[in-house]
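What follows is a single structure, written as structure tokens, with notes after it.
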Amino acid sequence: MKNIFIVYFFTSVLCKSVLAQQDADLFHLKYSITPMKHTSGNDVLHELEANIKVPTILRKNYTVATGIKYESLLTDGQSLPMAQALHGTSMQLLFGRKLKTNNVLTAVLSVGIYSDFKDITSDDFRFAAGIRYKNQISEKLSFSYGLLYSKQFFGNLIAPFIDFNWKISRQLSLHGPFPLNPRLYYTIHPKASLSLFLKPDNSTFRLSARENNAQYLQRKQWNAGIGFDYKVKQHWTISIRTGASLRQRFELYDASETGVFSILTIDVNGRKRTPSYSYEANSFFAEIVLAWSLHQNE
């Protein structure tokens, strides 16, 4: 589902004149840690993510943009079988158009390589696409809905969503797509706010064909927690978040275990798969994010 989140962020940012009043991170760098336990002891999962988006065509009524994202999963020990380092890098293309009704229609394509990067082949590519329609109801409320699709190594994944950008009061606001990444903010200072958030993940990484018979590792989890955002200067924000990884699960499957259709993290159709390895636990996580946004401090 990582591709899904890439798609969402592209369909909600980039140009004030086209996608106003939305989250507008054109760059972010994120690092997070999650404790893990296995038979030989304790371990730590490290995650690094860097994402940059560049508008290439800016017009009054439409925007075209490109972007690149890199992410990695690293472990200190042997919690993830056969792989202590997994990587993903993707390219994105976005088109956003402002309609005569002041509503906005956006579409995005994303393609990337997700593997241990030991012997990359065409089988290591994942693909994602999405469409989103935004309805500006008032200055304080916009409503969006859309459908996101990702071609994963296990099969097909879709994520329907509805998105509120709602300034409930002077201090309270609701942003983000439900159930992909809703966030409830409480402003405690013009430069600082607290937030509650929910974020699912359903993603896959291909292992080496030469060493591991092109098996794939699937990760499923729901993260929920609290965050603190602080605007350090114009455009720049630091966010610190912590919470629980609910039902964190890593499963290793043979390359032939495909044909599955999933909605979010739930398999709804296709063959019943049997993993050759499975890890499941509830754990806390912590992360820090540095972001550059179009929004300015008022």
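Here the Kirkwood formula, the inverse mean of 1/r across different C-alpha pairs, assigns segment 227-283 a hydrodynamic radius of 14.9 Å. Between the amide H of Leu207 and those of Gln215, Tyr216, Leu217, distances stay under 5 Å, these residues lying 5 or more places away or on another chain, with hydrogens modeled in the peptide plane. Counting only protein heavy atoms and a 1.4 Å probe, segment 196-298 has 50 square angstrom of accessible area per residue. Using C-alpha pairs under 8 Å with a sequence gap of at least 6, the mean separation divided by the residue count of the chain gives a relative contact order of 16 percent. If R0 is taken as 25 Å, the Cβ-Cβ distance between Ile168 and Tyr145 corresponds to a FRET efficiency of 0.80.
Our summary gives segment 179-298 a relative contact order of 23 percent, counting only alpha carbon pairs under 8 angstrom and 6 or more residues apart. What part of the accessible area of the chain, given as a whole %, is carbon or sulfur when the probe is 1.4 angstrom? Accessible surface attributable to carbon and sulfur in the chain totals 62 percent. The helix-based estimate of mean residue ellipticity at 222 nm for the chain, built from -39,500 (n - 2.57) per DSSP H run of four or more residues and divided by its residue count, is -1000 deg cm²/dmol to the nearest 500.
Based on the Stokes-Einstein relation at 25 °C and a viscosity of 0.890 mPa s, and on the Kirkwood radius from alpha carbon pairs, segment 121-196 is assigned a translational diffusion coefficient of 170 µm²/s. Its alpha carbons considered, the chain gives a radius of gyration followed by a Dmax of 19.3, 62 Å. Compared with the direct C-alpha span, the chain from His46 to Asp254 gains 72.4 nm at full extension, assuming 0.36 nm per residue. Using 0.36 nm per residue and subtracting the Cα-Cα separation, the extra length available between Arg247 and Ser72 on full extension is 60.9 nm. Calculated on the alpha-carbon coordinates, the convex hull of segment 51-157 measures out at 148 cubic angstrom per residue. Checking the Cα-Cα distances for Lys140/Lys220; Lys30/Lys272; Lys134/Lys199; Lys151/Lys191 against a 32 Å cut-off, the pairs over it are Lys140/Lys220; Lys30/Lys272; Lys151/Lys191. What the pair-distance distribution of segment 184-298 shows, using all Cα-Cα distances binned every 5 Å from zero, is 2, 10, 15, 17, 12, 11, 10, 9, 7, 5, 1, 0 percent.
Distance between the modelled labels on Ser276 and Ile158, one decimal in nanometres: 3.2 nm (7 Å Cα→Cβ projection).
The values are calculated or read from the model by the stated rules, or taken from the named source; none is laboratory data. Since we're looking at a predicted model, the values are computed, not measured. Don't worry about glycine lacking a Cβ; one is built from the backbone with ideal geometry, like all the others, and counts go over all protein chains shown. In case anyone asks, the SASA skips ligands and DNA or RNA and just uses the protein heavy atoms, side chains included. Shrake-Rupley method; radii C 1.70, N 1.55, O 1.52, S 1.80 Å.
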